[in-house]
Ligand SMILES: [Zn+2]
């Protein structure tokens, strides 16, 4: 028996259990008053007060003066001596924000719908207010936010810092996103497209951990991919590598928002899926189609299966070029699992070179819709580490 651990039932083991209960509650629920901690844990006010005093003395929690129900109250939160990092990830219809102590420890997160044709400054300012609200709820000063990873659902040109195609996200045209986001947040930011961020998330904490050569495909309203080569994200010469959504599948097909015809996006994007179902299913949403497919609706299953087939065609070319070990598929549409992945896998087996097609494993992503937020936090974490190393070198 380990002599350092107290005997069961002893006073010190009770104290240890109470400390852990208070700590677990603050870890999972964020900033709380002592009254709220007592309500959540069922411990007495006096016990909570003692535990909070000890945790504060050990530097584990921070105490911030505030109010509760109009009365003065101290807010207890996990201490973050290295400051906090943030994520701000734009989708076609919403923005999600998160504040975290590290990429593995999200302290609080929220989302807000955005109009489809919103202007960049409107989106950035609204998201900056959401982050400021989260910081305040957590008891952090704005200055404690040290870096933010920003995700945009479009290719980003690494030279101009702008959206790399004039037809995608029209409200963001001509805007240097990193500069505009830095102005809105008043903290250093790094911008990448959400498919790349999802790939970074899955590489660091999901399905692609330890994989050297891989593709992560993000399928939501549109489709994009992040390429992992030799264990790190490959962005290409102008930052727009991995744009699988704009690979031509049918050169006489529908006109794409990028200006080309018959891109994969025009075949498997949500607009194409909903159009195909309109005659039989009326005005359904992508979410409806996914839940109906899972419930056994054969038309929804067929349309998603066809999308998997088209995805497999586009991926076959990429598999031949890059010979990846693994392909993970995430985003909303991946929730249907094998209904999408099965046809994609069969098409790759049929169309790719046998040696390349047989050596690649196709799996669902494990981080779900949060992969891009976690990827954005990894970008922010790297920025904070680089800044801290630079600060140490100067000191
Ligand atoms: Zn296109």
Helix 270-281 sits off the longest principal axis of the Cα atoms of the chain, rounded to the nearest 10 on a 0 to 90 degree scale, by 70
DSSP-defined antiparallel bridges as percent of all bridges, segment 118-268, nearest 5: 70
Can you tell me the orientation of helix 298-322 relative to the chain, as the angle in degrees between its alpha-carbon axis and the longest Cα principal axis, to the nearest 10? 90
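If R0 is 45 Å, what FRET efficiency do you get for residue 176 and residue 302 from their C-beta distance, rounded to 0.05? Could the numbers behind the result be given before it?
Numbers: r = 44 Å, r/R0 = 0.97.
Computed FRET efficiency for residue 176 and residue 302: 0.55.
For every helix of n ≥ 4 consecutive DSSP H residues, a contribution of -39,500 (n - 2.57) applies; sum these over the chain, divide by its total residues, and give [θ] at 222 nm rounded to the nearest 500 deg cm²/dmol.
Calculated from helices alone, the mean residue ellipticity at 222 nm is -14000 deg cm²/dmol.
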The relative contact order of the chain, taking Cα pairs under 8 Å that sit 6 or more residues apart, comes to a percentage of 15
Expected sort for 72, 302 with the fewest Cβ neighbours (10 Å cutoff) up front is 72, 302
Taking every DSSP bridge whose two residues both lie in the chain, the antiparallel percent to the nearest 5 is 65
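Give me 234, 221 sorted ascending by neighbouring Cβ count inside 10 Å, so fewest comes first.
Ordered by Cβ neighbours within 10 Å, fewest first: 234, 221.
Determine the gain in length on full extension of the stretch residue 11-residue 79; use 0.36 nm per residue of separation and subtract their C-alpha separation, reporting nm with one decimal.
21.8 nm
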Taking a ≥ b ≥ c as the square roots of the Cα gyration tensor eigenvalues, with a/c under 1.5 meaning rounded and otherwise prolate when a/b beats b/c, else oblate, which class fits segment 112-247? oblate
If you average the C-alpha positions of segment 88-162 and of segment 283-353 separately, how far apart do those two centres end up, in angstrom? 29
Subtracting the Cα-Cα distance of residue 104 and residue 158 from 0.36 nm times their residue separation yields 16.7 nm
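Taking the mean number of other Cβ atoms within 10 Å as a proxy for protection, how do you rank 293-299, 254-260 from highest to lowest?
Put in order of decreasing packing, that is 254-260, 293-299.
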If we count other beta carbons within 10 Å of each Cβ, what is the order of 178, 117, fewest first? 117, 178
Rounded FRET efficiency, nearest 0.05, which uses the C-beta distance separating residue 117 from residue 358 and R0 of 35 Å: 0.20
Please report the relative contact order for segment 11-78, taking Cα pairs under 8 Å with a sequence separation of at least 6, and give it as a percent rounded to a whole number. 34
Cα point-scatterer Debye curve for the chain, base-10 log of I(q)/I(0) at q = 0.06 Å⁻¹: -0.29
Beta bridges by DSSP in segment 207-366, antiparallel share as percent, to the nearest 5: 55
Cα axis of helix 45-57 to longest principal axis of the chain: angle in degrees, 0 to 90, nearest 10? 70
Gain in length, residue 209 to residue 64, computed as 0.36 nm per residue apart minus the alpha-carbon separation, to one decimal in nm? 48.4 nm
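No value in this document is a laboratory result; all are computed from the given coordinates. As the structure is a prediction and not an experimental result, all values here were calculated from the model. Heads up, the Cβs are rebuilt from the backbone with ideal geometry, glycines too, and the neighbour counts pull from every protein chain shown.
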